[in-house]
Amino acid sequence: MIVTLIVLCEVGFWVLLAAGLALRYVARKPRLGAAVLLCEPLLEVVLLVVTAIDLKNGAEPGLRHGLAAVYIGFTVGLGHSTVKWVDARVAHRFAGGPPPVKPPKYGMARAAHEWRTAARWIVAALTAAALLQAAVWYVGGDGDTGSLRMWQQKMLWLIGINLVVAAGYTLFPKQEPRDRVGAGR
């Protein structure tokens, strides 16, 4: 049931996103579109409550409970930026908005972009890890929490990878090709 609910939450996220943006740009009802977009976090609340009820009713903590926490964490960390990314493209395509801003490709501007991206992923991973820890405490010492701990370790790896990538762009910034330097000036 939890895995099905995760899938339904993901589908619901994209349905609400499409509906909100359609209302905003096609129907020209920006307030109603914003209201629909603000309903998206309710999906995660439902998932969190159902997961807690499942654990409270004696379900053995497993992969599905960890996956629910990770899904919620990623929505918290990356959901807003995903909505902004899609919104910019829909506004450009259907409402005459400006072209979406592309991330910088070179130098310290790219490094700063990578740090912002890493920060979003780290927020996602920390949120997931905190929810996983809450689930461990909720289950208590009597339950097998190994699968929840495994997900926490994966979140630590995710944080580490993002820090390494961002640090790599800082320490070794990608340089603009020599044949392009000065070409646009």
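The values are calculated or read from the model by the stated rules, or taken from the named source; none is laboratory data. Keep in mind it's a predicted model, so treat the numbers as computed, not measured. Here Cβ is always computed from backbone atoms with ideal geometry, including for glycine, and neighbour counts include all displayed protein chains. The accessibility values were calculated without ligands, DNA or RNA, using every heavy atom of the protein model including side chains. Shrake-Rupley method; radii C 1.70, N 1.55, O 1.52, S 1.80 Å.
Some observations on this one:
- Computed about the Cα centre, the dipole magnitude for the chain is approximately 1180 debye when only Lys and Arg (+1) and Asp and Glu (-1) carry charge, each at its Cβ.
- Under a 5 Å amide H cut-off, with hydrogens placed 1.01 Å from N, GLU176 pairs with GLY107 among residues at least 5 apart or on other chains.
- Between the range 93-120 and the range 156-176, the Cα center-to-center distance that results, in Å: 16 Å
- Neighbour-limited loop hits for chymotrypsin sites (Phe, Trp or Tyr not before Pro), the range 1-92 (at most 16 other Cβ within 10 Å; DSSP other than H, G, I, E, B): none
- Value of Rg/Rh across the range 1-53 [Cα atoms, Kirkwood radius]: 1.10
- Accessible surface calculations at 1.4 Å, restricted to protein heavy atoms, place the chain at 62 Å² per residue.
- Rg and Dmax [Cα atoms of the chain; Å; Rg one decimal, Dmax integer]: 20.3, 68
- Solvent-accessible area assigned to carbon and sulfur over the chain amounts to 68 percent, based on a 1.4 Å probe.
- Axial C-alpha extent at least 27 Å, average Kyte-Doolittle at least 0.5 - helices from the chain (DSSP): 2-21, 107-139, 146-171
- Taking amide H as placed 1.01 Å from N in the peptide plane, LYS29 has its amide H under 5 Å from the amide H of ARG24, each at least 5 places away in sequence or on another chain.
- Given charges at Cβ of Lys, Arg, Asp, Glu: the range 20-62 dipole, positive-most of LEU37, ALA22, PRO61: ALA22
- With the charge dipole of the range 74-185 set up from +1 on Lys and Arg Cβ and -1 on Asp and Glu Cβ about the Cα centre, the Cα lying farthest toward the positive end among the listed residues TRP85, LEU132, GLY146 is that of TRP85.
- Evaluated on the range 141-181, the Kirkwood hydrodynamic radius is 13.3 Å, with distances taken between all distinct Cα atoms.
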